[in-house]
Every structure is written in structure tokens, then in C-alpha cells.
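What follows is one structure encoded as C-alpha cells, with my remarks underneath.
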Amino acid sequence: MKKTTFIFAFFLIVATAFAQKPTDVLMTIEGEPILVNEFERVYKKNLELVKDESQKTIDGYLDLFIDYKLKVAEAYAQNLDEDKAYKREFTKYRDQLARNYVNETRLFEGIAEEAYNRGKEQINANHILIKVGYDALPQDTLKAYNKIKSLRERALAGEDFIALAKQNSEEPGAKERGGDLGYFTVFSMVYPFENMAYNTPVGEISDIVRTNFGYHVLKVNDRRIRESPIVVSHIMITEKKDDPSFNPEERINELYKMLQQGSNFEELAKQFSDDKNSAKLGGKLKAFSRGQLRSDSFENSAYNLQNPGDLSKPIKTRFGWHVLKLEEKMKERSFEEQKEDLYRKIKKGDRSKVISTQVTQDIIKKYGIKRYEYLDFFDEYASDEVTKSKWKITDTLTGDRNKVVFTIGNKDIYYDEFAEYIYYRQRFAEKKPTKRDYIENMYNEFESIEIKEYLNEQLESENPEFGAIIGEYRDGLLIFDVMKKNIWQKAKRDTLGLERFYQTVASNYSWDERIDAEILSGGDSAKIQEAKAMLEAGKTAEAIKAALNTNDKVHIIISSGRYEKNDATLPEGLAFQKGVSDVLSNGETYSVVNIKEVLPPSTKTFEEVKGRVMSEYQNQIENDWINSLQAKYKVDVDKRTLKKLKKRYK
């Protein structure tokens with residue numbers, strides 16, 4: 001029984017009571033108000049997903065909504081909003097969403113378009129590196145710069161670039177390779193280096209470019225168009241854990257010979273391939289380009305195929321044995337099709353720093369910033385241990401000593417907050433030659449983070465759309481965590497309870513009639529007729545295979561096991577009768593089945609249906625848990641507000 005009462009909220013009965021306002025309170029849970037506009041937004045958004053027609057009414061959906069909000073309330077009661085993993089996931093999403101409400105989206109798109117256009121080409125270049133870190137002393141930086149400048153001038157004057165690289169470059173292996181980078185494309189190098197490579201004409205010497213490795217000079221040797229994506233189909237055969245005698249190499253070679261003899265690739269893939277996802281499609285895979293798959297041997301074999309319909313010889317990868325067929329050589333994917341992948345790579349690389357810097361400046365321009373002196377204080381406050389990542393806060397900043405380090409908009413950021421950042425960040429911060437440089441670098445990071453945090457706080461209150469989306473995501477994360485803790489993990493740990501539950505529902509899980517059988521298949525109906533006769537004469541399947549697969553020709557493939565009537569491995573029209581079946585056709589494949597035993601319907605064992613029973617058990621635990629939440633929390637629904645809402649959706 002729900003602990004839900006209907007009340008009149010007298011403070012809402014005003015002159016405009018007959019006009020529904022989005023700020024009207026629909027209900028309270030333990031006194032916390034929930035507004036009409038939140039319910040309406042969720043109702044309209046999810047209405048098409050509701051399968052039960054009775055729950056599509058306002059009253060019906062209200063029950064679902066209340067249960068949803070009770071789960072959120074319980075998540076807060078269990079302090080799941082303080083969990084580090086939750087905070088990390090929520091912050092990640094909020095930061096990503098905020099990009100759509102500032103110029104970050106525009107900046108991302110510009111850099112993504114640049115990457116897309118560069119990705120159409122590959123560049124071949126050599127380079128010379130003189131090492132110097134960003135944390136080097138000024139005199140060491142100048143020394144490195146003068147050295148690379150001198151080498152560039154010598155290259156421009158006509159000296160052999162490879163010889164200069166072998167004699168002077170500080171890149172590991174430069175003496176052997178002469179700075180040879182081979183062919184590379186977008187995202188292969190750090191961004192400043194890539195910029196210089198793509199902006200240097202073929203045959204020319206680049207300007208000097210600095211990266212975190214040091215100073216570089218490049219010579220661009222060639223530019224070529226990158227190969228387009230292709231589509232292939234494959235048949236994959238893997239080892240079978242339940243049959244140690246099965247030889248996947250032997251099976252793939254049998255299939256390859258059948259293909260050479262004219263058997264249909266699609267039919268063989270559907271029947272024999274162990275890649276079940278592609279087997280349903282006749283072995284067809286999604287389009288890919290070089291470097292996208294985690295298998296050089298697979299990619300090389302695929303790209304060596306010249307014309308649609310061409311077959312590869314059997315190849316082995318870490319996934320198993322394969323035969324490939326070229327389906328299509330595609331055109332390059334459009335920018336929109338690659339956009340998501342490009343964005344992901346940009347976020348992971350140093351391009352993101354360019355975007356971050358610009359976004360920070362845009363936020364400062366909008367809200368304003370005031371900075372105050374901090375460096376002298378923290379140079380004295382933080383001991384030298386900070387440069388060794390061992391500093392601890394032993395002197396808490398309070399009172400007048402806890403000054404404002406900067407103000408963004410109407411928010412003050414204090415010394416103690418920066419001190420905490422130094423403490424937690426010191427192990428991961430970029431090393432610098434002096435303590436002051438070290439602290440200044442961490443301050444720049446800290447300021448950027450706090451400025452973006454301020455923007456996110458303002459967006460949630462200033463922008464209703466942003467606030468609604470982020471609120472739904474926050475609730476969703478909390479519901480996931482509270483369900484994981486109270487339902488899923490509980491069901492998983494309670495093994496005895498799960499087995500007891502299985503006993504109460506075992507009759508719901510049954511095998512249909514099955515056969516224990518051997519299936520002999522091939523593309524030549526005459527050979528399958530011979531196999532049928534040999535089976536009827538008492539020959540074993542292996543003896544038949546040895547007799548009929550002669551002269552390097554594969555006429556018979558054997559599959560064995562237990563099968564239900566709807567199993568795709570069985571030929572259509574097979575009668576479940578003990579003995580040798582008639583020869584049956586399935587497309588261009590013919591089969592004869594030796595049925596050793598017909599197994600009557602039976603109850604599936606616990607191990608056979610453990611996953612499905614677990615799901616059903618979780619549902620029972622969830623129902624009991626929801627009932628307990630309904631008893632725990634006081635829910636008051638405003639009857640007048642609900643009535644007006646229902647009128648609008650009649």
C-alpha cells in the first residue's frame with residue numbers, strides 16, 4: 001500500500017489558480033517539492049517507451065514517476081551522491097554537455113573539420129630532434145634552440161637532411177634511421193608537430209617547431225591519398241572448448257575448398273561461422289579502414305583483395321581462422337559520419353588544450369575575473385617537498401590568512417582551496433625547474449578548472465534546458481547506483497536464495513523436443529546421397545568423411561550435437577525420428593541427418609538458465625524493495641494541480 005496522500009496546497013490557491021504554471025508544485029516527497037514541468041517533461045519524453053497502455057495515462061504514469069523519485073530519494077539517503085565514481089561520471093557528462101552551451105562546440109567542430117581534411121592524406125617525412133623539456137632552465141632552452149636553428153640553416157643551404165639527422169638528431173635510433181618517420185596521418189603525431197608537417201610543402205624544410213619532446217625541424221618527402229574503407233565478409237572458425245578433438249585449421253581449409261568448388265559463401269557463413277553476429281548477415285562486416293581493426297594480418301589480407309567477390313586464403317588471427325571475401329571498396333566516410341570518432345580523439349589529445357584555453361578566455365570575458373597575489377605566499381607556504389610530490393598541509397589556512405586568490409563572476413575562490421589542489425595534484429603535475437614555476441603551473445590549471453566549474457553552476461540555474469537535462473542525468477546515475485547496490489549485487493551474492501527461487505519457477509523453463517544427431521552437409525547432392533547410403537549401412541560419420549573428401553576436394557562437413565527444432569543448423573523440413581533422414585536441401589546446401597536419439601521435452605537445469613533466472617529474481621527483489629520505499633517515504637500529491645494537469649491531456 002503506497003504511503004501517498006492527496007492534499008490541497010492552500011498556498012498555491014491564488015487568483016491565477018485555474019492557469020497551470022510550470023512552477024506549480026505537483027507533489028512533495030518528505031517535504032521536497034517536485035514541479036509540474038519536471039513531470040511533464042519526463043512524461044512526454046518517455047510516453048512512447050511505455051508498453052503498458054494503463055500506464056500511459058497521467059494517473060498511470062504518475063505511479064511510475066513516484067517510484068522513480070523514491071529511488072532517487074533513497075540514493076541520497078544512502079549518500080551515493082558522495083561516491084567518487086558517481087562524482088567523476090557526473091562531472092564528465094556535465095562538462096561535455098556544457099560544451100553545447102558555450103563556444104566549445106564551435107571550436108571542436110572547427111578542429112574536427114581540420115582533422116577530417118588532413119585524414120584524407122598521409123605524409124612521409126624525416127625530422128631532426130634536439131631534446132629540451134618545457135621545464136628546462138632558460139639557458140638550456142636557448143642552447144637547444146640555437147642548435148636546431150643552426151641545423152636548419154645548414155639544411156636550407158643544401159646539406160643532406162638525412163646525414164644531418166644521423167649525425168645530430170637526439171631522437172633514439174636516429175643514427176640508423178636518419179629521422180625517417182615513414183607515412184603518417186592525422187592524430188599520429190603530437191598536434192604542433194602535425195601542424196608543421198601538414199603546413200610544409202613537399203620537398204621543403206619546415207620552420208622550427210617545439211613540442212614536449214624538444215625542438216624539431218622536418219623535411220617533407222611525399223604526400224599521398226589515404227586508402228578508402230572496404231567491406232568484407234568472413235567465415236571465422238575458433239577452437240571449441242567442449243570438443244578438444246575439433247581442429248579449426250582443418251575446418252577452415254575444408255570450407256575454403258568448398259568455396260573454391262563453388263559453394264555459396266553466405267550459406268556457409270550462416271551455417272558454420274563462429275562469429276555469430278556476422279554469420280546472421282552471411283559473414284558481412286561493417287566497413288573499416290587500415291588501422292581500425294586490431295589485427296594487421298586481417299587488414300592486410302583484406303586490402304590485398306582486388307575485386308568484389310575475390311577470396312583470401314585461410315589466415316590465422318588472435319581471434320581464430322578466417323576466409324575473407326571482398327564485398328565493396330567504399331568511398332571515404334563523410335565528416336558527419338566520422339564526427340563522433342574525431343571528437344573522441346580530440347578530447348584525448350593535445351588539441352583539447354587549444355580548445356580549453358579559448359573556452360576559459362570566453363568565460364572570463366562573459367563573467368569577469370579579478371586576480372590577487374598568491375605566488376609569494378605559496379612559495380613560502382608550500383615547502384620544497386612539493387617538488388618531490390611529498391608536501392603535506394600542516395598549517396591550516398583560516399581567518400585573515402585565508403585570502404581570496406581570484407574572483408570569477410560573483411564567486412570567490414580562496415587560498416585554502418588552492419592549497420588542497422596543490423596537495424592532491426602534486427603527484428601528477430608537470431615537473432618544473434623551480435618551486436615557483438611548479439606552483440605557478442598548478443595555479444594555471446586550478447584557475448581553469450574553477451572557471452569552468454563556475455560556468456557549469458551558472459548554466460544549471462540560468463539555462464532551463466541545461467538544468468533539465470543535467471537533472472535527468474544526475475537522477476539516472478543515482479538510480480543506477482542505488483539499483484546496483486540494493487538489487488543487482490544483492491541478487492548476485494545471494495546464491496542460496498537464487499537457487500531456492502529457481503525451484504519455484506523451474507517449470508517455466510523447458511526444453512522442447514530435441515535430437516542428439518550428426519549433420520552431414522555439402523554442396524553436391526549426389527555426394528550427400530552417397531553419405532546417406534553409407535550411414536544406413538552403418539558407417540560412421542568420420543569414415544564417410546574420409547571416404548568422400550578425396551583429391552583435395554571437400555564434399556562433406558560434419559556437425560554434431562543436440563538441437564531443438566528451431567535450430568538454424570538443422571535443414572528445413574527435418575522430421576524428428578530416430579535414424580537416417582532423407583536428403584534435405586537448404587538453399588544451395590544439402591544435408592542428411594543421423595538422429596541417434598530423440599529427447600523428450602524436459603526442464604532445463606539451473607546452470608542452463610541461470611542468467612534468465614537471475615533476471616527474474618532481481619525483479620522480485622526490486623518489487624519488494626519498492627514496496628519498502630513506498631512505506632518509508634511520505635508522498636503528498638497536490639490534488640488541484642493534478643486535476644488541472646489531467647484536463648490538459650484529455
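Annotations for the structure displayed:
- Evaluated on the range 354-402, the Kirkwood hydrodynamic radius is 13.9 Å, with distances taken between all distinct Cα atoms.
- Rg over Rh [alpha-carbon atoms, Kirkwood Rh] for the chain: 1.06
- Residue-count net charge about Phe501 - beta-carbon cut-off 10 Å; Lys, Arg +1, Asp, Glu -1: -2
- Theoretical FRET efficiency, 1/(1+(r/R0)^6), r = Cβ-Cβ of Thr550 and Ser585, R0 22 Å, to 0.05: 0.40
- Residue ranges 565-571, 322-328 sort as 322-328, 565-571 when ordered by packing (mean number of other C-beta atoms within 10 Å per residue, highest first).
- Selection from Phe446, Ala419, Val354, by position along the positive dipole direction of the range 342-462 (Cβ): Val354
- Taking N as its residue count, the alpha carbon Rg of the range 238-299 over 2.2 N^0.38 Å: 1.26
- The 3J(HN,Hα) values that the Karplus relation (6.51, -1.76, 1.60; θ = phi - 60°) gives for the range 392-399 are, in residue order, 10, 7, 10, 10, 5, 7, 9, x Hz. Gly and Pro appear as x.
- Span from the the range 501-580 Cα centroid across to the the range 177-203 one, whole angstrom: 58
- Counting 0.36 nm for each residue step from Tyr649 to Glu176 and taking away their Cα separation leaves a gain of 162.6 nm.
- Spacing of the modelled spin labels on Ile208 and Asp140, each 7 Å from Cα toward Cβ, amounts to 1.7 nm.
- Dividing the helix sum by the residues of the chain, where each DSSP H run of 4 or more adds -39500 (n - 2.57), gives a mean residue ellipticity at 222 nm of -14500 deg cm²/dmol.
- The range 342-462 - Kirkwood radius from inverse mean 1/r over Cα pairs (Å): 15.7
- Alpha-carbon gyration tensor eigenvalues x 5, square-rooted, for the range 448-511, Å: 45, 14, 8
- Summing Lys and Arg as +1 and Asp and Glu as -1 over all other residues whose Cβ lies under 11 Å from the Cβ of Phe377 gives a net charge of -2.
- Simple point charges give the picture: +1 on the Cβ of Lys and Arg, -1 on the Cβ of Asp and Glu, and for the chain a dipole about the Cα centre of about 620 debye.
- Within the chain, percent of DSSP bridges classed antiparallel, to nearest 5: 95
- Sites matching trypsin sites (Lys or Arg not before Pro) across the range 199-270 that sit in DSSP coil, with at most 15 neighbouring C-beta atoms within 10 Å: Lys240, Lys241
- Leu49/Leu496 FRET efficiency (R0 41 Å; Cβ-Cβ; nearest 0.05): 0.70
- Over the range 513-600, volume per residue of the alpha carbon convex hull, in Å³: 82
- Our coupling estimate for the range 433-440, obtained by passing each phi through the Karplus curve with A = 6.51, B = -1.76, C = 1.60 and θ = phi - 60°, is x, 10, 4, 4, 4, 4, 5, 5 Hz, Gly and Pro reported as x.
- Projected label points at Lys632 and Asp384, each 7 Å from Cα along the beta carbon direction, are separated by 5.5 nanometres.
- Sorted by Cβ density within 10 Å, fewest first, the residues Asp395, Asp481: Asp395, Asp481
- Counted charge near Asp52, where neighbours are those whose Cβ lies closer than 15 Å (Asp, Glu -1; Lys, Arg +1): -3
- Convex hull volume of the range 121-225 per residue (C-alpha atoms, cubic angstrom): 87
- Contact order normalised by residue count of the range 230-331, Cα under 8 Å, 6+ apart, percent: 41
- Euclidean distance between Cα centres, the range 426-477 to the range 242-320, Å: 48
- Spin-label pair Asn444/Ile225, simplified geometry with 7 Å Cα→Cβ offset, distance in nm: 4.3
Laboratory data are not the source of any read-out in this text; all were calculated from the coordinates shown. Source: prediction; values computed, not measured. Backbone-built Cβ (ideal geometry, glycine too); neighbour counts: all protein chains shown.
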